[in-house]
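The values are calculated or read from the model by the stated rules, or taken from the named source; none is laboratory data. Because the structure is predicted, anything quoted here is derived from the model rather than measured. Methodologically, a virtual Cβ is constructed for each residue, glycine included, from the backbone with ideal geometry; neighbour enumeration extends over all protein chains shown. What goes into the accessible areas is simple: the full protein's heavy atoms, side chains included, and nothing from ligands, DNA or RNA. Shrake-Rupley method; radii C 1.70, N 1.55, O 1.52, S 1.80 Å.
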Amino acid sequence: EKGGFASFMDKEIHDQPQAVGDTLLGRTDLEGRLVLDDLRIDESVLRTVDKIVVIACGTAAYAGHVAKYAIEHWCRIPVEVELAHEFRYRDPVVNEKTLVVAITQSGETMDTLMAVRHAREQGAKVISIVNTHGSTIPRESDAVLYTHAGPEIAVASTKAFLSQITAAYLLGLYLAQLRGNMFPDEIAKIYDELREMPGKIQEVIDRGARVREIARWMADTSSVLFLGRHVGFPVAMEGALKLKELAYIHAEGFAAGELKHGPIALIEPGQAVFVIVPSPRGRHSLHSKVISNIQEIRARGARTLVLAEDGDEAVLPYADEVFWVPQAPTLLAPLLTVVPLQIFACELATARGLDVDQPRNLAKSVTVE
Ligand code: M6R
């Protein structure tokens, strides 16, 4: 069933264009308005929610962190992202005006389930973003938005992550539509841009040979750092998590802006650092700030592995290696930039002789608290 791939993980990385495409399918009604699968929440409640809390664990939580940037921008509702196990046990402020969004591939993660129950006891409505039909969390939620990634077998989550971001973005657009935060043509434009993403993700996968080569060369490395900013920050965290869980080497993700507040002390000659560079076409001035970060760490001897958008030549003077991704709107870029990091972790772990589908000490779904 691996479809000719060496591992389920490799197969699932290749499934990603389809997973994202399928998650986008059939989401509009006859009037072109976005629809949710199983909505047992009154629309008037969704119009009045004053806070969104995303609860999830691991990779699903990083999908939530990415979605926060988009939902706040589109809906002007404050979004908090909480690890489910922390949320449950810190007396969180949730009430009837809170919308909780639980993100989970398996639908069975006990930490997330307990947080869902707690949120509902406090009167909050819960929408879950789930991949596995018939699982527990959607049954205990007020509404469900299914990701259509297909079964994910490898313990390390890949295609679920991309579909979770896609589904959370659909939810953000749905809320913006319902609450009148955006004009219908603005929503339609973003929906169309989302529909271009499967082709672009395929392009990133097709360009994977170089990142695989570098990963094999780095099989004996003992530490890799990941830097990102804005939506690139959770992507950096996810890149580090993939490497930890698969290759068992020290890996850490940082917000690029935080570098000078401490982590730059870690930089010594030869330290490998992935840097996710925001689009130079973005509205913020973040591109030049991240370029300065690359310059700073390079000056201290870091080996810079840079993820940049096609045509962004500003990275060239400071990059030991560039992995190019197709151009995309800033908020959609994580669907592309995470892919080389997944490929890197998968290939590096394989080069170390490890089983990427069954990393040590881990289970696919964590059904105990
Ligand atoms: O099934 P879930 O999405 O609720 O699982 C959450 C985490 O346990 C999961 O994402 C985990 O972090 C993965 N092993 C990451 O690759």
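Data table
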| read-out | value |
| --- | --- |
| Mean projected area (nm²) of the alpha-carbon convex hull when the stretch 237-369 is viewed from all directions | 9.6 |
| Helix-only CD estimate at 222 nm, as mean residue ellipticity for the chain, using -39500 (n - 2.57) per DSSP H run (n ≥ 4) | -13500 deg cm²/dmol |
| Nearest-10 value in Å² for the accessible area of ASP91, using the 1.4 Å probe | 130 |
| 0 to 90° range, to nearest 10: angle between helix 58-75 axis and the chain longest Cα axis | 70 |
| Trypsin sites (Lys or Arg not before Pro), loop per DSSP, at most 12 other Cβ atoms within 10 Å - longest free stretch of the chain | 91-282 |
| With all protein chains modelled, accessible area of ASP192 [1.4 Å, Å²] | 70 |
| More than 16 Å apart - percent of Cα-Cα pairs taken over the stretch 154-242 | 70 |
| Accessible area (Å², 1.4 Å probe, nearest 10) - HIS85 | 70 |
| Antiparallel bridges, percent of DSSP beta bridges restricted to the chain (to nearest 5) | 5 |
| Over 23 Å between alpha carbons, listed pairs LYS260/LYS289; LYS11/LYS189; LYS159/LYS244; LYS68/LYS159; LYS11/LYS242; LYS68/LYS97 | LYS11/LYS189 |
| Within-11-Å neighbourhood charge of PRO278 [Cβ basis; K, R +1; D, E -1] | +2 |
| Folded to 0 to 90 degrees: helix 110-121 orientation relative to the chain principal axis, Cα | 30 |
| Inter-probe distance in nm under a simple model that places probes 7 Å from Cα toward Cβ, at LEU354 and ARG207 | 2.6 |
| √(5λ) per eigenvalue of the Cα gyration tensor, the chain, largest first, Å | 32, 23, 20 |
| Solution diffusion estimate, µm²/s, Stokes-Einstein, the stretch 261-305, Kirkwood Rh from C-alpha pairs, 10 °C, viscosity 1.306 mPa s | 143 |
| Over the stretch 6-113 - Rg/Rh using Cα atoms and the Kirkwood inverse-distance radius | 1.00 |
| Which of HIS148, GLN18, GLN105, positive extreme of dipole for the chain (C-beta unit charges) | GLN105 |
| Selected from PRO359, PRO92, PRO340 as most flexible by GNM, with the chain as the system and alpha-carbon contacts under 10 Å | PRO92 |
| Cα point-scatterer Debye curve for the stretch 162-311, base-10 log of I(q)/I(0) at q = 0.16, 0.20 Å⁻¹ | -1.00, -1.33 |
| Dimensionless Rg/Rh of the stretch 307-369 - Kirkwood Rh, Rg from C-alpha atoms | 1.13 |
| Segment LEU39-SER292, length gained on full extension (0.36 nm per residue, minus Cα span) | 86.5 nm |
| Convex hull (Cα only) mean projected area of the stretch 221-301, reported in nm² to one decimal | 5.0 |
| Cα pair count fraction exceeding 14 Å, expressed as % - the stretch 70-156 | 64 |
| By accessible area with a 1.4 Å probe, ligands and nucleic acids excluded, highest first: order of GLU43, GLU140 | GLU43, GLU140 |
